[in-house]
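Here the structure is laid out as structure tokens; the discussion comes afterwards.
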Amino acid sequence: MRIAGPKVIQHRGPIAWSFCGLCVGLFLGPIAQAVDLDLSAYRGKVVYVDFWASWCGPCRQSFPWLDDLVHEYMSQNFVVIGVNVDKDRDKAERFLSDTPADFPILYDPKGELAAAYKVAGMPSGILIDRTGHVRFQHAGFSEKQKGLYEEQLQTLLAEKSP
Amino acid sequence: MQLKPKALRASPGVRRALAAAAAGLLASGHAAAQDEGPVDAPATTVDSALLVYHEVNRVQAIEPEVNVSHKIDEDSTLNFGITADSLTGATPLGAVPSTLPQTYVRPYRVIPLGTPVTVTTASGGSTVVLVPPPTGAKTQTLAASTIVPPNTYPLDHGFYDRRIAGHLGWEQALTQNFKINGGIAYSKEHDYRSQSANLGVSQDFNGHNTTLSAAVNYESDLSFPIGGTPTPLTQMNGNWKGPDTTLHEIDAVVGITQVMNRRWLATLSYSYSDEHGYQNDPYRIISVVDPVSGQPNEQLYENRPTLRRKQSLFFDNKIHLARDVISASVRGFKDDWGVKSLTADVRYRWQMGPDYYLEPHVRYYTQSAADFFHYYLVSGEATPQYASADTRLAKFHAQTYGMKLGVAISETSEVNLRVEYYDQHGNGSPVGAIGQLQQQNLFPDLKAYTLLLGYTFAF
Amino acid sequence: MKNNCRRYSPKRARDYLTGSARRSTARLLSAFILGAAVCGSGGCTVLGAKPWEHDLMAEHAMQVDAYPIEAGMDDHIYFSKEASSGGRSFAGGGCGCN
């Protein structure tokens, strides 16, 4: 049986298209589709968008690591945005009181943003470069993958702001 | 630093939230107590239970069990468990009831030839008798002899057994979608030993919505009744000379589990089993009755085929309603002994509050008889190659009604209590019953009560 | 006045094992197997839930092995009184994380 979809989607080189409403971009990237979120306010910063939920075990493990990344790379213009997809906000807030997040949280209970980014697994991390383009996207979190994700982040951090 | 929403036409809520995030404000989720580390998901789960089982006028059992599951790292889990049970009471002999009293003997103890006999009674009110040893034997058998009163369903009241069993297992994720698992198990009773090993794999597809799994199990059993095994289809005499006997079994299961939608999880599995070896119940007899009066003339030890192939198809569903969960399953079974069965099982987990639930349960079961099942044999007719009067192989249907109460003590622990009632009905007056057998109940209803107290906690 | 009521004759459980009931059950099961196989090979998005919608699947009560001791004891008790045995696999479902 063919296994559905690659788990790590990498975009080599800038992919620019406009995003209209929540419709998926028609332009098919070299490996997979992705959506540009207009984070013009973050232009010049490297952004890590993390999709998480209270019911997701690996999310619990990823939060301390994300907190560490924030503290370490904040000075290099790096931000993390946590997008919560819980249907029940109370559960998300209970999770956050046990597992603190040193980054802003966005609530996406209907999963509109998750659908727009074609989130392939939980948790999902999306690395956006300083020009606002999605460069790396991965589903799942494990100790083994930390090194790879951090390397990808450092690649983007090394790039100069436009 | 306002976020320009024109390029992202998300819903107003998401847009506003993004704007707030862009303003550099930390949202309400930021905990003040930053010194506390995150709460790690518990690595070890302990599942414990105590079963109290009571068949009306038959067997009673008490069985504690403990299972431990420990996550060694994010990819591997170790699990092990131990259980012990103590069974006492009465089991059917397989003989038919009679208007006259009957005597039943089974081996009780084997002693060297010439040893003085000091014990006179055995468990269940039976008498100890000395069985004349065959010529050349160095040992002799003490047998427990029971008198079965007239017009009562013949039961062996001295049934007593203790069992201890354990298992050890391992599961390893090799990729994000592929896991392997393996395990061994061992079980020992005073006259039976079983050991097995299993191996399985599972592959996820479609974003973990579909899981294909397969497993094989190999089991090797040894039956060593006191005094040896009886020679099948010979007259009951308490003097068993047969060797210890083995049974080998291979089982294979394949299954597909599919997330049908956000609320519905379905599983379809097929299993095939091949058993080869000693399948007889050494303690069970079948009566050979007089063709006119229906009185038992002889009691023969039963005989079952040495080969048995079983197949079953199992369809299980779990559906999550607003707060409650329905579990419904159907299983069809068929083997080459002629047994066909259908099981339907429904549970409704009524989540009465966030911390407690009530779960009523109904199970319906129906089976057809094995080809070689006979209520009794008739003198003068040719003895068949295989014959058993074990009602477990007869045609019957059964219902189970149960209720379970579960209380969550903490986020990771639960206490539960389950009470069940099982009722098995067979045909006690089969067509064509001979003579005195027409007034006897050849298949008394089997009723059993189960109490299961469980406690699960994680740390 | 003419009595238009149709007599309702409940089917006995035995009838579900034969004839048209068995055929439609077989059809339903075949559809399920086919659907799961097609979806398993990545051929459809009709069956399943989006990765961010596995909240209910992650709940303890929805796990296929939620109460393993209970399931094992049931199997053991029924096997001591009935001729059929086992038949189930314990994999799949859950939060679908990683």
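Values quoted throughout were computed directly from the atomic coordinates according to the rules given, and no laboratory measurement underlies them. Computed from a predicted structure; not experimentally measured. Cβ placement follows ideal geometry from the backbone for every residue including glycine, while neighbour counts extend to all protein chains displayed.
The table for this structure:
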{"read-out": "Computed lengthening from residue B:382 to residue B:246, 0.36 nm per intervening residue step minus Cα-Cα distance", "value": "46.1 nm"}
{"read-out": "Distance (nanometres) between label positions extended 7 Å along Cα→Cβ at residue B:421 and residue A:71", "value": "6.2"}
{"read-out": "Sites residue A:146 and residue B:50, calculated FRET efficiency, Cβ-Cβ separation with R0 35 Å, nearest 0.05", "value": "0.20"}
{"read-out": "Expected-Rg normalisation [2.2 N^0.38 Å, Cα atoms] applied to region B:78-237", "value": "1.56"}
{"read-out": "Only Lys, Arg (+1) and Asp, Glu (-1) charged, at Cβ; region B:73-159 dipole about Cα centre in debye", "value": "860"}
{"read-out": "3J(HN,Hα) from dihedral phi, region B:263-276, Karplus parametrisation 6.51/-1.76/1.60, rounded to Hz, x for glycine, proline", "value": "9, 10, 10, 10, 10, 10, 9, 10, 10, 10, 9, 10, 10, 9"}
{"read-out": "Amide H contacts under 5 Å for residue B:338, placed H, 5+ residues apart", "value": "B:371"}
{"read-out": "Built amide H within the under 5 Å cut-off of residue C:98, gap 5+", "value": "A:122, A:140, A:141"}
{"read-out": "Normalised convex hull volume, region B:199-261, alpha-carbon set, Å³ per residue", "value": "128"}
{"read-out": "Kirkwood hydrodynamic radius (C-alpha pairs) into Stokes-Einstein, region A:52-157, 25 °C and 0.890 mPa s, D in µm²/s", "value": "172"}
{"read-out": "Counted charge near residue B:90, where neighbours are those whose Cβ lies closer than 11 Å (Asp, Glu -1; Lys, Arg +1)", "value": "-1"}
{"read-out": "Derived scalar couplings ³J(HN,Hα) [region B:44-61; Karplus, 6.51 cos²θ - 1.76 cosθ + 1.60; whole Hz; x for Gly, Pro]", "value": "10, 10, 10, 10, 10, 7, 10, 9, 10, 10, 9, 8, 5, 6, 10, 8, 10, 8"}
{"read-out": "Long-range HN-HN contacts of residue B:234 with modeled amide H, under 5 Å", "value": "B:301"}
{"read-out": "Relative contact order of chain B, pairs being alpha-carbon contacts under 8 Å that are 6 or more residues apart, as %", "value": "13"}
{"read-out": "Estimated FRET transfer efficiency when R0 is 60 angstrom, pair residue B:362-residue A:160 (beta carbons, to 0.05)", "value": "0.30"}
{"read-out": "Rounded to 10°, Cα long-axis angle of helix B:12-22 versus longest principal axis of chain B", "value": "70"}
{"read-out": "Mean Cα-pair separation over length for region B:48-192, i.e. relative contact order, pairs under 8 Å, 6 or more apart, %", "value": "25"}
{"read-out": "From phi via Karplus (6.51, -1.76, 1.60), per-residue ³J(HN,Hα) for region A:123-139 in Hz, x at Gly/Pro", "value": "x, 10, x, 10, 9, 10, 7, 5, 8, x, 9, 6, 10, 9, 9, 9, 10"}
{"read-out": "Taking the convex hull of Cα positions in chain B, its mean projected area over all directions (nm²)", "value": "30.0"}
{"read-out": "Calculated diffusion of region C:47-88, Stokes-Einstein form, Kirkwood radius summed over Cα pairs, 20 °C and 1.002 mPa s, µm²/s", "value": "170"}
{"read-out": "Ratio of Rg to Rh over region B:176-235 (Cα coordinates, Kirkwood Rh, two decimals)", "value": "1.32"}
